[in-house]
Each structure stands twice: as structure tokens, then as C-alpha cells.
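Trainee: Before anything else, here's the structure in question.
Just so it is clear, none of the values below were taken in a lab; they were calculated from the coordinates. This one's a predicted model, so the numbers in the text were calculated from it and none came from an experiment. Every residue, glycine as well, gets a Cβ built from its backbone with ideal geometry; the counts of neighbours run over all protein chains shown.
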Amino acid sequence: MATSVETRPASVPDEGRRPGRRRGPRREGTAGWLFVTPTVLVLGVFLLVPVVMAAWVSVSNWSGRGSPFAGTVQFVGAANYADVLGGRGLAGRDFGTAVRNNLYYVLLVVPLQTAIALVLAVLVSRRALRGRGFFRTAFYFPSVTSSVAITVLWLFLFSASGAVNRVLSFLSINGPNWFQDPRGVLHLLFGVVGVDRAPAALSSPSLFGISGWEWLAGPSVAMSAFILMAVFTTSGTFMLLFIAALQNLGDEVDEAAMVDGANAWQRFWFVTVPQLRPTLFTVLTLGLIGTWQVFDQIYTGTQGGPAKTTLTPAYLSYEAAFNNQQWGRGAAIAFVLFAIIVVLTVLQRAVMAERDGLPARRRIRREARP
């Protein structure tokens, strides 16, 4: 006996059921703004408002008493920035010295911590390594330790009679009094070859009121100890980023390179490293930002000494504002430092940007042809 199946057009809704009203993009946008409004308000109150206040302080003569928006506070324009960037007077020379010190700090710390972090990540990611969890924890532990505690420990290790100089004495090397030695490392190397004075062409003041000979001094012995400390404490953090990136890489490309006859170094340099490009960019960017903002180690350790060879822009901003009560100049230094970080980050992004333009697409199409 044949049975008939009653069919109903798809456009006809079920009886007793009202068709639901779809949410339009406008209603979804409104709901989204309602969810993010508390976060926007918190960021506005605790981030945007202080930045606006600091920007006003940098172009005013606020003395640190009362409100910076009071009627007695006068607008001075770019006078604070001119004192810092003009290279004239003590303020200009101090800023130039701080930029020089921090520049050498960045040039040495960022490449060293990136290379060491990548090597450590590759080593602890090997499947044949026993106790990988222990080594990962041991390498990462300095990163979670208080920077103040690490600085105090470093002051003890690198003192005139500390453990580092004792180890050097076993090698018949007379170690320096690290944190009290203002001599530049490059000047010491120049002295080995007989160049211990500034040539006439490099003796006159140049950029930021600092002579070319002073720019070529290199990091001081004291700053070198801080550079070693920064590499020791930050490599573990970036190691975790590289480990996460390595775990997301497939084995197919590496096995194909092995079949083609590539050795271990060639596979690492030409296969693994290019695939880590996004993580490498992140590590370099974070390292660049962090090294230009170094403050707590300097504040705890040397406070800019000896002879201002460990002075950094971040500590100089603090010293100008809180110690010398020159709040406008301190805020101006902070904004100049912010501009330096932004410009260098943009340049780094331009250098490391992916070349995914038309020539690459043409090459892929050409290789795909039979």
C-alpha cells in the first residue's frame, strides 16, 4: 500500500511558529560596543588621560605642584624639546650621552638575546634530549626573577673582589672594578693599537653635543656588565616564543630538504629560520622596545654612574622630573624616547617585511607550469 508524503514549501513557515527577526549589522555593532565600553573607559582613564597630561606638561613650565592645567601654568612651546635636542648646555649633553649609552646597549643586547634564545629553543626542542622540561624551566627561571634581585646579585658578582674577577684571576687576567670603570670598550681596543687620543676630526662636538670620539667610545665597562645581565635575564623569555613557533612547524619541508642532500646547518638556516620569520620579527620588536626602556637596573645599580656612562634616556627622564623637579624636561625626554622607539620599530618592520609582491606571484606561476 503506497503512502503519500505531504511536502511543504520551504518558504512557508511552520504553523504556530513566528519567523525570528535576524539581527542586522547595526544591532551587532551596538552589542559589540556595549561589551568593549568598560575596557575603553578604563584604558581612557588610566592610559589616554595620563598621556595627554604628559604631553601638556612637556610644553609647559609646570613645577610639579598643583594641577598641570591650573591657570598659573604657562605654555612654553618647544622650549623643553629644544633644551634636550639642541645639544647645548648640560641638558643637551646629558641627553646625547644617554642616547649613546642606550644605543650601544640596544646594538649588543638585541642580537645576542635573539641568537641565544633561538639556539636554546632548538636545543630543548630536540626529542632525543632527556629532561627537556627541566632545561626549559632552568633557562626561563631568570626571566621571572625580580630585576632588582638580579641587579643586586650582579653587583656582588661583578664587584672588584667578586666571583667574576676571581675566575678571571685563575686565567691570569686582572679583572676591572666593573661598575666603577667608565672606560669605553672600543677606546680600550683603540689603545691596544696605539690610538689613545681623539683625532682632530673627531674632537669637536657633533650630534647632540657629543664629539665623534665620544660616540666611538663604545659601551663602558660598567654598561658591559649590564649588557651581560640583560642577555642573561631575557633570553629565556624569547626562548619560549621560539619553542612555540618550532612546535608549529611541520616535518615535511625539513624531510624534503634532507632528501635533497642538505646537511643539518643548511636545513636550519635555509629551511627552519625562514619559517620563523614572524616570530623573529616579534622577538626583535619586543627586544628593541624593552632595551630602549631600560630603567630599573640602572636605578638599582649605578644610577647613571660612573661618569654618566650608564645613563639612559628612561633614567634621565626620571632624574629630570623627580630629582631635579624639571617636569617639563622630563616629559619631553619621555616623548622623544617614544618617538625613537616608534621610528626604529617602523624601520625594522620595513626591513623585515615579507616580499609578497607581483614578482613572487609570477615566479610561483612559472614554477607551477608543466
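Trainee: Suppose the filter is closer than 20 Å to residue 229 by Cβ, polar (S, T, N, Q) and crowded, with 17+ Cβ neighbours inside 10 Å; does residue 80 pass it?
Mentor: no
Trainee: Take region 47-65 and flag every residue that is loosely packed, with under 14 Cβ neighbours inside 10 Å and of a type outside the set (Gly, Ala, Ser).
Mentor: Across region 47-65, the qualifying residues are 47, 48, 49, 50, 51, 52, 65.
Trainee: Which one of the conditions (1) surrounded by 13 or more Cβ atoms within 10 Å (Cβ to Cβ); (2) assigned to a helix (DSSP H, G or I); (3) more than 23 Å from the chain's Cα centre (by Cα); (4) without any contact (Cβ under 8 Å) to a residue 60 or more places away in the chain does residue 269 fail to meet, given that it meets all the rest?
Mentor: Condition not satisfied by residue 269: (1).
Trainee: Right, another one. Given the conditions (1) free of Cβ contacts under 8 Å to residues at least 12 places away in the same chain; (2) buried (at least 19 other Cβ atoms within 10 Å of the Cβ), which single one is not true for residue 210?
Mentor: The single condition residue 210 does not satisfy is (1).
Trainee: Working only within region 293-317, note down all residues that are surrounded by 17 or more Cβ atoms within 10 Å (Cβ to Cβ), of a type in the set (A, V, I, L, M) and over 16 Å from residue 146 (Cα atoms).
Mentor: 311, 314, 316
Trainee: When residues of region 269-301 are filtered for being touching a Ser or Thr at 6+ places or on another chain (Cβ under 7 Å) and of a type in the set (Ser, Thr, Tyr), how many remain?
Mentor: Matching residues across region 269-301 total 2.
Trainee: Tell me which helices (runs of 4 or more DSSP H) are completely within region 69-149 and hold 3 or more residues being closer than 22 Å to residue 55 by Cβ and in contact (Cβ under 8 Å) with a residue 12 or more places away in the chain, or say none if there are none.
Mentor: 79-85, 89-124
Trainee: Just to be sure before I move on: is residue 101 touching a Leu at 6+ places or on another chain (Cβ under 8 Å), closer than 30 Å to residue 80 by Cβ and polar (S, T, N, Q) in the structure I sent?
Mentor: yes
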